[in-house]
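In what follows, a structure is listed as structure tokens, so that the remarks can point back to it.
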Amino acid sequence: MARTAGEKLGSLAIPLFVLAILTGVLAGAGVGAVFGLFLAIPIAADPEVPGVGSPGSWAMIPILYGIPVGGFAALVPAVGALAGLYVHAGKVPFPSARDQSLAAGVGAGATSALAAGAALFLMDANVPAVLAVGIAFSLVSFLGTYLVAGRFLRYKAARETMEGARDPAERNDGVID
């Protein structure tokens, strides 16, 4: 039976965390840009506010905060995705890339929901607000991990197929005959 790209789970750990951090950084920058827009519009409407620089400089502050926060927050779904892949590998011996990406997404969503539940008990916050943020974080984690992991696993499977299909005699390793 053909081996799948994610069958060697040890080789997926580092790329999975790198992709998670990059995705988190991009998501944090995107959310920061949206919040920066909401901050820049009132400042641009009233330029007489004392001590305020240009609206563009104030719009950059949420982006600069969103980059590290998004990168750090992406570690929670990354741990869940890796756990989901390990659990799935124990149950299904030769999973497809779609099944693996679904397992990674479910693991990421479940870990994000657990983190939101822990935040509910650890923080003295508004319960509906924490639940709404937790549900949104869990759904975004599931969808983002499902899409990114699926794309990465399909890329890795295609790359391994191409490497296995080439004949070693045809391969150019830089050795001159």
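The numbers here are math on the coordinates, done by the rules we state, and not lab data. Being a predicted model, the structure only gives us computed values, none of them experimental.
Numerical summary
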item: Computed Kirkwood radius, in angstrom, where 1/r is averaged over Cα pairs of region 14-145; result: 16.4 Å
item: For region 19-30, Karplus couplings with θ = phi - 60° (6.51, -1.76, 1.60), whole Hz, Gly/Pro x; result: 5, 5, 5, 5, 5, x, 5, 5, 5, x, 5, x
